[in-house]
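Participant: One structure coming up, written as structure tokens, with questions to follow.
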Amino acid sequence: MSMRESKWKKLWILFLSFFKIGCFTFGGGVAMIPIIQAEVVDKRKWLTQGDILDILAISESTPGPIAINTATFVGYRVGGFWGSFFATLGVVLPSFVIIYIISLFYETFMSWEIVANAFKGLKVGVILLLLLAIITIQKAIKWNWLSTILFAISFIVMVVCTALDITFSFLSISIILLGMIVGIMQEVIKKHKEEKK
């Protein structure tokens, strides 16, 4: 197999992998984290768990849906520009096709009892996927006193806001930015101490 054929084969596998991920991304991007890990880290060995955490942090910190951002970053790491293109196309295509078909028959589709029951079942599945995503991420995090305090504060604030029915979309961004600033400060202090030695 020539280098050119090998490159196109890798791009095709990238597309198929993210197409498969896109087909099962119910509940948004966070719910797809375990599926991405299974495909990209465990099965394909393209990236490590640490790489996935870095990519997720970047995806959450940049504008756009996490599913698309993650596909773009992973695709770029694996296959450059065309890797990004095909991974992103793969993850977007299933949703686009499904939503387009549903939009043509929306009222009829939503009136079917079997569809209503299917959505009830999907909600339970989404909750389980989100719990699995939390377990997957926390296993890969290098916990220290600072990350534990940040997690505890963020968790308490989110629970209180949810209990009081306060919209916390801006608050979520603030917590992400706070975590980023604290992480940068921690690294700067660490380097300063190393230079002093």
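Participant: Of SER111, SER147, which has the most accessible area and how do the rest follow, probe 1.4 Å?
Facilitator: If we order SER111, SER147 from most to least accessible, we get SER111, SER147.
Participant: Relative contact order of region 48-106: what whole-number percent is it, with Cα pairs under 8 angstrom and at least 6 residues apart?
Facilitator: 21 percent
Participant: Report the one residue of ILE102, PHE86, GLY64 whose Cα lies farthest in the direction of the positive end of the charge dipole of region 32-116 (charges on C-beta: Lys and Arg +1, Asp and Glu -1; origin at the Cα centre).
Facilitator: PHE86
Participant: Also: Taking a 1.4 Å probe, which of ARG44, ARG77 shows the most accessible area, and what order do the others take after it?
Facilitator: Accessible-area ranking of ARG44, ARG77, largest first: ARG77, ARG44.
Participant: Go through region 73-87 residue by residue and turn each phi into a ³J(HN,Hα) via Karplus (6.51, -1.76, 1.60, θ = phi - 60°); whole Hz please, and just put x for glycine and proline.
Facilitator: Karplus values, whole Hz, x for Gly and Pro: 5, 4, x, 5, 4, 8, x, x, 4, 5, x, 4, 4, 6, 5.
The values are calculated or read from the model by the stated rules, or taken from the named source; none is laboratory data. This structure is a prediction, so every number in the text was calculated from the model and none was measured. So basically every Cβ, Gly included, is an ideal-geometry build from the backbone, and we count neighbours across all protein chains shown. Side chains included, ligands, DNA and RNA excluded: accessible areas come from the protein's heavy atoms. Shrake-Rupley method; radii C 1.70, N 1.55, O 1.52, S 1.80 Å.
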